[in-house]
1. Rounded if a/c is under 1.5, else prolate if a/b beats b/c, else oblate: with a ≥ b ≥ c from the C-alpha gyration tensor eigenvalues square-rooted, which is segment 58-112?
2. For labels at ASP109 and ALA81 in the simple 7 Å Cα→Cβ model, what's the distance in nm?
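Values in this text are rule-based calculations from the coordinates and carry no lab data. Just so you know, these numbers come straight off a predicted model, no measurement behind them. Every residue, glycine as well, gets a Cβ built from its backbone with ideal geometry; the counts of neighbours run over all protein chains shown.
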Amino acid sequence: DSLIAVYSDYVWSTLTDEARKAVEAAMNFEGYEFKSDFAKKYHGWGLAQGEARGEARGEAKGKSASILAVLDARGLVVGEAARAQIASTTDIPLLNRWLARSIQIRTVDELFEVT
């Protein structure tokens, strides 16, 4: 994403006001198809990467919320540090292990023990 922004900014800064107006007039942003190999390569990568990161963050957030909900429903006291650790974890396999463990542990500290 940052490479695209830098490249676009550089190119845009080299255009005259007249050229910028002509480019803006010629561009139809709705359904726009990129013309250059550069844009095709990096635009597609940026979207795919961004979507994947967003999905992973959403999945992690949902799993963290589920763990906290289970612990809360079981009446286990979740301190601020533990709550922050659970909420900030993005490792999906680890969150899956914690979720499975959250239904059987006796204390929140047991959640983080390595087995």
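1. Prolate.
2. Reported label-point gap for ASP109 and ALA81 is 1.0 nm.
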